[in-house]
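Here's the structure, in structure tokens; my notes come after.
The values are calculated or read from the model by the stated rules, or taken from the named source; none is laboratory data. Values in this document were obtained by computation on a predicted structure and should not be read as measured data. Cβ coordinates were reconstructed from backbone atoms using ideal geometry, including for glycine residues, and neighbour counts include every protein chain displayed. For the accessible areas, the whole protein counts, side chains as well, though only heavy atoms, and no ligand, DNA or RNA atoms are used. Shrake-Rupley method; radii C 1.70, N 1.55, O 1.52, S 1.80 Å.
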Amino acid sequence: MQKIRNIAIIAHVDHGKTTLVDKMLMAGHLFRENQQTGELILDNNDLERERGITILSKNVSINYKDHKINIIDTPGHADFGGEVERVLNMADGCLLLVDAFEGPMPQTRFVLQKALSLGLKPIVVINKVDKPNCRPEEVQEMVFDLMFNLDATEEQLDFPTIYGSAKQGWMSDDWKAPKEDIFTLLDAIVEHIPAPKKRDGIPQMLITSLDFSSYVGRIAVGRVHRGELKEGMDVALCKRDGSIVKSRIKELHVFEGLGRTKTQSVSSGDICALVGIDGFEIGDTITDLQQPEPLDPIAIDEPTMSMVFTINDSPFFGKDGKYVTSRHIHERLIKELDRNLALRVEKSPDSDVWTVFGRGVLHLSVLIETMRREGYELQVGQPQVILKDIGAEKCEPVEQLTINLPDEFSSKIIDMVTRRKGDLLSMERQGDRVHMEFQIPSRGIIGLRNNVLTASSGEAIMAHRFLEYQPWKGNIERRVNGSIIVMETGTAFAYALDKLQDRGRFFVHPQEEVYAGQVVGENNKEGDLVVNVTKSKKLTNMRASGADDKVKLAPPVVFSLEEALEYIKEDEYVEVTPNYMRLRKIILDENERKRLAKK
């Protein structure tokens with residue numbers, strides 16, 4: 001029996017978690033060749049690298065002083081709550097990574113709360129102590145207060161603290177005495193994190209995540225709870241609904257470094273991957289065929305938002321993407337359900353429209369962005385909040401929102417949030433910045449980030465997480481400005497855009513192809529405005545009386561995917577293709593729109 005430590009890493013976005021894991025892998029003498037390139041080993045999909053966030057949890061392991069340390073990387077965003085919950089089930093302890101200046105942040109709190117309630121033993125790592133304005137002692141106090149507020153036990157509150165800089169590759173007990181390496185941290189893991197208890201008896205394993213290989217299909221990943229699993233063994237798969245299916249383990253893999261190695265048997269406490277189990281769901285149990293004893297399935301957070309997905313039927317469909325038909329989109333969404341726990345998909349029976357339910361705008365936009373990069377064309381509607389009837393009362397999801405920003409902008413932001421039915425809970429000063437906490441309905445958050453960043457000159461740090469369902473809070477006014485809509489298909493000319501500049505701001509560049517019904521700008525006033533942006537200057541053989549003025553255009557507004565989803569109205573779609581993102585009216589024909597408006 002190898003000496004094993006299973007540890008989950010918890011940290012807020014951008015506090016250096018993935019960098020730390022990379023340094024730990026190097027300390028285990030695994031990847032010397034990556035040190036020169038400076039690339040991150042763990043966040044290896046393009047989206048994760050660009051946004052600097054972890055979306056999928058991953059498993060890696062290190063050998064250190066004849067101990068095997070299994071490291072489980074967890075996502076920091078509350079939108080990926082489905083991921084977090086099941087990942088923590090595999091660990092015995094957790095590493096809480098905190099920035100030495102910012103201190104614990106709301107999303108850290110979300111994951112930490114789940115970890116403490118599962119009884120995991122924490123080790124606190126205060127990272128980035130090489131920053132000029134860091135305050136490690138204060139942050140350590142803040143972490144203690146946070147754990148105390150989250151009802152940690154006496155034992156959990158007696159946590160070791162380690163200081164260091166993952167970027168420079170050192171960890172130490174004292175932040176004023178830097179060392180050369182991160183062995184202090186690895187020693188602390190071996191010393192303080194309990195080894196998994198060896199349990200004999202009927203084998204049990206809870207499937208907590210899955211891998212996919214085009215060669216062998218779906219692979220079940222989880223931690224052996226008790227007993228021993230062997231290659232070629234007949235097992236029972238106990239499903240959520242209580243049914244039991246006979247199955248056989250064709251191959252058994254354990255994690256080593258970044259890869260997996262094949263093995264004959266795995267005993268309790270280690271994390272392994274099973275090949276050959278068919279039709280399993282996450283949260284099912286693998287157990288003995290003769291005396292099946294299922295474990296409790298994982299509780300998964302309910303979705304709080306929904307969005308309409310549909311095929312691209314704009315005049316420009318099929319010019320850009322490889323997969324454009326409804327069959328392609330349907331197959332892709334069903335495939336996503338395999339590995340994305342908190343997602344639900346419903347297809348409307350008579351048309352090519354799917355309603356996709358998820359945890360928030362970020363959760364759904366990551367899916368859309370991934371599909372777009374794979375070559376899909378699709379259209380998505382405005383995000384809608386999922387309402388529930390609780391005790392004959394209409395209820396909506398409410399979130400906890402924290403905003404940290406310079407003092408002089410605080411009154412503007414409070415006004416903005418309260419207009420969206422937010423309540424200010426607390427407000428405290430940290431140096432020249434103010435830290436505010438609100439409770440706000442989820443609908444109020446849609447489109448808020450843009451306005452907050454604009455109002456605070458880009459200085460605000462904003463984070464939110466789902467709290468609970470509360471009674472409906474009343475109407476929230478959305479964007480009042482109308483849209484500027486194209487009259488006819490063609491090329492947008494600088495001449496035409498210049499003449500229309502006083503009408504509003506534009507989203508398109510000159511010489512861009514546009515089609516009738518596309519939204520190309522925001523009107524200064526209420527109500528939609530239909531304009532001709534394809535008008536070119538008429539040339540005659542007479543000399544013009546005034547000299548031609550140079551056209552001076554303001555640069556167009558360029559949206560990211562999330563911003564576009566938060567911007568559109570309910571009668572608009574975002575058309576997403578591999579190279580373009582356009583806003584459009586659901587009904588393209590102007591006369592048709594007028595006819596419906598009269599009805």
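To keep it simple, each residue is scored yes or no on (1) surrounded by fewer than 12 Cβ atoms within 10 Å (Cβ to Cβ); (2) of a type outside the set (Lys, Arg); (3) without any contact (Cβ under 8 Å) to a residue 12 or more places away in the chain; (4) at positive phi.
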site: Phe144; (1), (2), (3), (4): no, yes, no, no
site: Asp151; (1), (2), (3), (4): yes, yes, no, yes
site: Glu154; (1), (2), (3), (4): yes, yes, yes, no
site: Tyr163; (1), (2), (3), (4): no, yes, no, no
site: Lys167; (1), (2), (3), (4): no, no, no, no
site: Met171; (1), (2), (3), (4): no, yes, no, no
site: Thr184; (1), (2), (3), (4): no, yes, no, no
site: Gln204; (1), (2), (3), (4): no, yes, no, no
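Step by step: first the residues of region 268-302, then only those that are open to solvent by less than 10 Å² (accessible area, probe 1.4 Å) and not aliphatic (A, V, I, L, M), then the one that is modelled with the lowest pLDDT. Which residue is that?
Here the answer is Gly283.
Across region 365-397, which residue is modelled with the lowest pLDDT among those that are among the aliphatic types (A, V, I, L, M) and in contact with a helix residue (DSSP H, G or I) (Cβ under 7 Å, 6 or more places away or on another chain)? If you could, list the steps in order and put the result at the bottom.
First, pick out the residues of region 365-397 that are among the aliphatic types (A, V, I, L, M): 366-368, 371, 378, 380, 385-387, 390, 392.
When the remaining residues are screened for being in contact with a helix residue (DSSP H, G or I) (Cβ under 7 Å, 6 or more places away or on another chain), the result is 366-368, 371, 378, 380, 385.
Values: Val366: 83, Leu367: 88, Ile368: 90, Met371: 90, Leu378: 92, Val380: 93, Val385: 88.
So, considering only residues that are among the aliphatic types (A, V, I, L, M) and in contact with a helix residue (DSSP H, G or I) (Cβ under 7 Å, 6 or more places away or on another chain), the one modelled with the lowest pLDDT is Val366.
With the checklist (1) free of Cβ contacts under 8 Å to residues at least 40 places away in the same chain; (2) under 36 Å from the mean Cα position of the chain (by Cα) in hand, flag the one item Pro556 doesn't pass.
Exception for Pro556: condition (1).
Considering only region 565-599, how many residues are assigned to a helix (DSSP H, G or I) and closer than 20 Å to Val530 by Cα? Let's see the steps before the verdict.
The initial filter retains those residues of region 565-599 that are assigned to a helix (DSSP H, G or I), namely 565-567, 590-598.
Keeping just the survivors that are closer than 20 Å to Val530 by Cα gives 567, 590-598.
Total meeting the criteria: 10.
Please return the ranges of strands (runs of 3 or more DSSP E) entirely within region 299-409 where 3 or more residues are in contact (Cβ under 8 Å) with a residue 24 or more places away in the chain. Spell out how you get there, then give the answer.
Numbers: elements: 305-311, 344-347, 353-358, 378-380, 388-390, 393-406.
Filter on region 299-409 gives 305-311, 353-358, 378-380, 393-406.
Does region 220-239 contain any residue that is within 30 Å of Ser165 (Cα to Cα) and not in a strand (DSSP E or B)? Lay out the reasoning, then the answer.
Our first condition is that a residue be within 30 Å of Ser165 (Cα to Cα); within region 220-239, this holds for none.
Within region 220-239 (the criterion being within 30 Å of Ser165 (Cα to Cα) and not in a strand (DSSP E or B)), the answer is no, since none of the residues qualifies.
Just to be sure I understand the filter: pairs with C-beta atoms under 7 Å, separated by 6 or more residues or on different chains, first member in region 278-297 and in contact (Cβ under 8 Å) with a residue 40 or more places away in the chain, second member basic (Lys, Arg). Which pairs pass?
Pairs found: Glu281/Lys239; Glu281/Arg240; Ile282/Arg86; Gly283/Arg240; Asp284/Lys239; Asp284/Arg240; Leu289/Lys246; Pro297/Arg240.
If only one of Lys550, Lys525 is open to solvent by 70 Å² or more (accessible area, probe 1.4 Å) and either without any contact (Cβ under 8 Å) to a residue 24 or more places away in the chain or assigned to a loop (DSSP other than H, G, I, E, B) (or both), which one is it? Walk me through it before giving the result.
Values: Lys525 fails: either without any contact (Cβ under 8 Å) to a residue 24 or more places away in the chain or assigned to a loop (DSSP other than H, G, I, E, B) (or both).
After applying the criteria, what remains is Lys550.
Can you confirm whether Val245 is modelled with pLDDT of 85 or more, surrounded by 18 or more Cβ atoms within 10 Å (Cβ to Cβ) and in a strand (DSSP E or B)?
Values: modelled with pLDDT of 85 or more: yes; surrounded by 18 or more Cβ atoms within 10 Å (Cβ to Cβ): no; in a strand (DSSP E or B): yes.
Spelling it out, it is not the case that Val245 is modelled with pLDDT of 85 or more, surrounded by 18 or more Cβ atoms within 10 Å (Cβ to Cβ) and in a strand (DSSP E or B).
Mind listing whichever residues of region 104-128 are modelled with pLDDT under 80 and either among the hydroxyl-bearing types (Ser, Thr, Tyr) or within 20 Å of Leu185 (Cβ to Cβ) (or both)?
The answer is Pro104, Thr108, Val111.
Residues that are in contact with a strand residue (DSSP E or B) (Cβ under 6 Å, 6 or more places away or on another chain) and among the polar types (S, T, N, Q): does region 372-389 have at least one?
yes
Residue check, Glu512 against (1) acidic (Asp, Glu); (2) closer than 23 Å to Glu592 by Cβ; (3) open to solvent by less than 90 Å² (accessible area, probe 1.4 Å), all met but one. Which one?
Status for Glu512: all satisfied but (2).
Looking only at residues in region 475-503 that are outside any helix (DSSP H, G or I) and in contact with a Pro (Cβ under 9 Å, 6 or more places away or on another chain), which one is modelled with the lowest pLDDT?
Checking each candidate, the answer is Ile476.
Kindly indicate which of Leu401, Leu333 is open to solvent by less than 40 Å² (accessible area, probe 1.4 Å) and in contact with a His (Cβ under 8 Å, 6 or more places away or on another chain).
On the way: Leu333 fails: in contact with a His (Cβ under 8 Å, 6 or more places away or on another chain).
Sole residue among the options that is open to solvent by less than 40 Å² (accessible area, probe 1.4 Å) and in contact with a His (Cβ under 8 Å, 6 or more places away or on another chain): Leu401.
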